[in-house]
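Participant: Can you keep this structure in mind? I'll have questions shortly.
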Amino acid sequence: MSQGYQRDKRNNVTTSSFLPQTLTGQGGWEIDESVEEAASRESLEEAGVLGIVQCELGKWRFKSKSQSIYHEGYMFPLLVTEQLSFWPEQNLRKRAWMTVEEASEACQQWWMKEALEKLVNRLNSSEIGNSLS
């Protein structure tokens, strides 16, 4: 997981014109794709980035803001290998690179903050393990 990670690296954050407080890609997955493939596709469509989907951070259950139903959200880190100049939803979304602190401060959903915390803990654990070997 620590492959390509450095402390000064920034996190890709994508917002929606409809949900400006949403800071990560969101969307469902098609019947013919895995949840990891969906994460990769959503990253391309919503943020215009390509990369390697890493191990799942977890699954969260949260209430819809517009309906009285619950959704399940899976979160995956993506090791970005390419940032595109043009992407399918660039007119609907804004892409930004932020530090962990900036992303945590900007994010309003508890479950997204929790996923970010899990990622930081995972990366810190990985760094410690790599420095011991």
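Participant: Using +1 on the beta carbon of Lys and Arg, -1 on that of Asp and Glu, and nothing else charged, what's the dipole of the range 35-131 about the Cα centre, debye to 20?
Facilitator: For the range 35-131, the charge dipole is close to 320 debye.
Participant: Largest first, what is the accessible-area ranking of 98, 112 with a 1.4 Å probe?
Facilitator: Greatest to least solvent exposure: 98, 112.
Participant: Let me check something: with ligands and nucleic acids excluded, how do 113, 65, 118 order by accessible area (1.4 Å probe), largest to smallest?
Facilitator: 65, 118, 113
Participant: For the range 35-131, what is the accessible area per residue in Å² when the probe is 1.4 Å?
Facilitator: So the range 35-131 comes to 62 Å² accessible per residue, rounded to a whole number.
Participant: Are there any chymotrypsin sites (Phe, Trp or Tyr not before Pro) in the range 44-91 that are in a DSSP loop and have at most 16 other Cβ atoms within 10 Å? List them by number.
Facilitator: Listed in order of number, the matching sites are 86.
Participant: Follow-up question, since we're still on this one. Once neighbouring chains are kept in place and the probe is 1.4 Å, which whole percent of the accessible area of the range 35-131 is contributed by carbon and sulfur?
Facilitator: Accessible surface attributable to carbon and sulfur in the range 35-131 totals 50 percent.
Participant: Then there is this: Find out how many positive minus negative residues lie around residue 70, taking Lys and Arg as positive, Asp and Glu as negative, among other residues whose Cβ is under 9 Å from that of residue 70.
Facilitator: For residues surrounding residue 70, the net value is +1.
The values are calculated or read from the model by the stated rules, or taken from the named source; none is laboratory data. For clarity, every value in this text was computed on a predicted model and none was experimentally measured. Backbone-built Cβ (ideal geometry, glycine too); neighbour counts: all protein chains shown. Calculation scope for accessible area: heavy atoms of the full protein, side chains included, ligands and nucleic acids excluded. Shrake-Rupley method; radii C 1.70, N 1.55, O 1.52, S 1.80 Å.
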